[in-house]
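The values are calculated or read from the model by the stated rules, or taken from the named source; none is laboratory data. Fair warning: this is a prediction, and the values are worked out from it, not measured in the lab. In this analysis, Cβ positions are derived from the backbone assuming ideal geometry, glycine residues included, and neighbour counts consider all displayed protein chains. Note: accessible area is taken over every heavy atom of the protein model, side chains too, but ligands, DNA and RNA are not part of it. Shrake-Rupley method; radii C 1.70, N 1.55, O 1.52, S 1.80 Å.
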Amino acid sequence: MSVKNELVLDKLPKHIAIIMDGNGRWAKKKGNLRIFGHKNGVSSVRESSESCAELGIEYLTLYAFSTENWNRPKNEVRALMELLISTINSETSTLLKNNIRLNAIGNLNELPDKTRNKLNEAIDKTKNNDGLLLTLALSYSSKDEIIHAIQNIASDVKKEKIKSEDINEHLFDQYLFTKNMPNPDLLIRTSGEQRISNFLLWQLAYTELYFTDVLWPDFNKEELYKAIYEYQQRERRFGKTSEQLT
Ligand code: FPP
């Protein structure tokens, strides 16, 4: 029986973020090149997006490429950028069929022109969908995002658009790439690693963390339901006591 049947449908996370990890190890275990793992990771991207859309989850944010990933061997970086193009080509119909709107965050100017253009094309094609918002973090670094926000706040203070005493948590949120998105309720990281790796550092302050040994290409709908089930067993206290919640 599927864990899906155990889920409490009115207690679903609104926003799930995923650090997709383990493609390289998955390929190596099969005696293949790392890119074989990345290619097989595409079906896990599809399964996660489809199941979030089916459940009615509003936001799914996937860490697809970090700024640190630019330091990988050139041929792997090139292959990943090409994989993004071919995935967008093959999966845009899945996005449209499932009413999913595509979005991207990160230092997108650093992407090769071909990749960025293809991405923008798909973002435009799906812009009228009002179901799941699927955000790809590409050339993304949370520390960069925070510095960028601080620079823009400083500039707006200088231009007298805002006063320094207006700076608070909510204003800061509006200067991040994730403005207008709620913070993730659940963060999933696959492959047994237990760290955040420069992903959404500000936004994850009160997020429930879920780590699984499953390697990303093996992550499927059932694995996603298991993560949501585990999330639903947690008590989210946001600093309060258990008694205050009841
Ligand atoms: C981490 O595994 C994965 C990545 C850096 C890339 C993620 C890309 C995909 C899942 C493919 C396509 C994605 C989209 C959005 C179209 P790793 O290489 O760090 O694995 P390892 O830790 O086992 O070496």
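Could you check the simple spin-label distance between Lys161 and Ser2, using points 7 Å along Cα→Cβ, in nm with one decimal?
Result: 4.6 nm between the two label points.
Quick one: pull the percent of accessible area on segment 48-183 belonging to carbon and sulfur, 1.4 Å probe, ligands and nucleic acids left out.
47 percent
Stretch Asn120-Asn168 to full length: gain in nm at 0.36 nm per residue minus the Cα-Cα span?
14.1 nm
Only Lys, Arg, Asp and Glu count, each charged at its Cβ (+1, +1, -1, -1), so figure out the dipole size of segment 4-142 about its Cα centre, rounded to 20 debye.
560 debye
Can you give the FRET efficiency to the nearest 0.05 for Leu9 and Arg195, using r as the Cβ-Cβ distance and R₀ = 45 Å?
0.90
Of Lys39/Lys143; Lys74/Lys118; Lys118/Lys143; Lys28/Lys97; Lys143/Lys226, which pairs sit farther than 23 Å apart, going by alpha carbon to alpha carbon? Walk me through the numbers on the way to the answer.
Working: Lys39/Lys143 28 Å; Lys74/Lys118 21 Å; Lys118/Lys143 26 Å; Lys28/Lys97 34 Å; Lys143/Lys226 31 Å.
Beyond 23 Å between Cα atoms: Lys39/Lys143; Lys118/Lys143; Lys28/Lys97; Lys143/Lys226.
So if I place +1 on the C-beta of Lys and Arg and -1 on the C-beta of Asp and Glu, and nothing else carries charge, what would the dipole magnitude of segment 58-123 be about its Cα centre? I want it in debye, nearest 20.
Using only the charged Cβ atoms, the result is roughly 120 debye.
Considering the Cα trace of the chain, what is its radius of gyration and what is Dmax, both in angstroms?
Spelled out, the Cα radius of gyration and Dmax of the chain are 18.6, 60 Å.
Take the residue pairs Lys127/Lys161; Lys11/Lys240; Lys4/Lys29; Lys14/Lys179 and return only those whose Cα atoms are more than 21 Å apart.
In this structure, Lys127/Lys161; Lys4/Lys29 lie more than 21 Å apart at Cα.
Under a 1.4 Å probe, what is the accessible area of the chain per residue, stated in Å²?
Each residue of the chain exposes 54 Å² on average to a 1.4 Å probe.
For segment 70-91 and segment 4-39, write down the distance between their C-alpha centroids in whole Å.
Measuring centre to centre over Cα atoms gives 18 Å.
Let me check against my output: what whole-number percent is the relative contact order of segment 1-151, with C-alpha pairs under 8 Å and at least 6 apart?
Computed over segment 1-151, the figure is 27 percent.
If you put +1 on each Lys and Arg Cβ and -1 on each Asp and Glu Cβ, how big is the dipole of segment 5-70 around its Cα centre, in Debye rounded to 20?
I would put it at about 540 debye.
Mind giving me the FRET efficiency for Lys29 and Gln151? R0 is 41 Å, r the Cβ-Cβ distance, nearest 0.05 is fine.
0.40
Would you please give the residues with an amide H less than 5 Å from that of Leu215, counting only those at least 5 places away or on a separate chain, with H modeled from the backbone geometry?
Residues meeting the criterion, in which the H sits 1.01 Å from N, are Ser191.
Which whole-number percent gives the relative contact order of segment 90-246, counting Cα pairs below 8 Å spaced six or more residues apart?
Numbers: 152 pairs, mean separation 28.6, N = 157.
Worked out over segment 90-246, it gives 18 percent.
Between Leu186 and residues 5 or more places away or on another chain, which pairs have amide H atoms under 5 Å apart, with H built 1.01 Å from N, and which residues are they?
Excluding prolines and chain starts, which carry no amide H, the hits are His15, Ala17, Glu208.
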